[in-house]
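Bear in mind that the values in this text are calculations on the coordinates, not laboratory data. Only a predicted model underlies this, so the values are computations on that prediction, with no experimental measurement involved. When we count neighbours, we look across all protein chains shown, and the Cβ atoms used for this are built from the backbone with ideal geometry, even at glycine.
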Amino acid sequence: MTQFVLGFLFTSDTKQVVLVRKKRPENLAGKLNGVGGRLGAGESARIGVSREFFEATGVAIPAQDWRPVARLWGKGYEIAGFCATSEAAARCQRTGDEDIRLLPVRYDMLQAEGALGLSWVIAAALDPSKPILDIRVRAEDPDWSD
């Protein structure tokens with residue numbers, strides 16, 4: 001199973017969040033999503049999200065500051081979603097070929113322009129009393145039966 005991580009860094013007042021405008025894969029091109037990527041061999045999810053976030057934005061958030069908020073999974077893959085808050089969110093910038101943005105938390109925009117489940121993950125991240133979301137992505141799974 002291929003494992004990925006996504007990080008959602010909010011400003012301290014949680015009114016803004018750092019998101020990436022995806023160029024790939026094709027099914028996510030043009031969509032907003034958390035900052036992340038593939039876990040390295042033997043790498044923990046918290047270490048992975050810290051590394052991926054730094055590589056994409058130039059901003060280092062310590063691994064222990066990332067709080068788990070979601071697990072999305074489908075046939076052959078699993079995505080661990082994390083959130084953190086820091087005023088360092090304002091310093092995030094593009095370090096690769098995908099656009100990094102500090103955007104207001106607006107659910108209408110997240111639903112219209114976000115990757116599948118993005119608005120749910122953002123809502124869960126903003127309410128630490130909620131349990132970790134566990135989302136099975138079934139649209140691509142021909143073995144799924146209701």
Long-range HN-HN contacts of Arg71 with modeled amide H, under 5 Å: Gly81, Leu133, Asp134, Ile135
Residues Phe53, Phe10 in order from fewest to most other beta-carbon atoms within 10 Å are Phe10, Phe53
Relative contact order for segment 35-103 using alpha-carbon pairs under 8 Å, separation at least 6, rounded to a whole percent? 26 percent
For segment 2-136, the charge dipole (Cβ of Lys, Arg +1; Cβ of Asp, Glu -1; about the Cα centre) points to a positive end, and the Cα of Ser44, Pro25, Gln3 closest to that extreme belongs to Pro25
What FRET efficiency comes out for Lys15 versus Arg94 if R0 is 25 angstrom and r is the Cβ-Cβ distance? Round to the nearest 0.05. 0.70
The chain - share of DSSP beta bridges that are antiparallel (%, nearest 5): 60 percent
Between the modelled labels at Glu78 and Ile132 (7 Å from Cα along Cα→Cβ) the distance in nm is 0.9 nm
Beta carbons within 10 angstrom, averaged per residue: use that to sort the peptides 107-117, 78-88, highest first. 78-88, 107-117
Contour minus Cα-Cα distance for Ala123 and Met1 (0.36 nm per residue): 41.2 nm
The list [x] 61; [y] 12; [z] 42 gives values of percent of Cα pairs over 28 Å apart, and only one came from this structure; which label was calculated from it? [y]
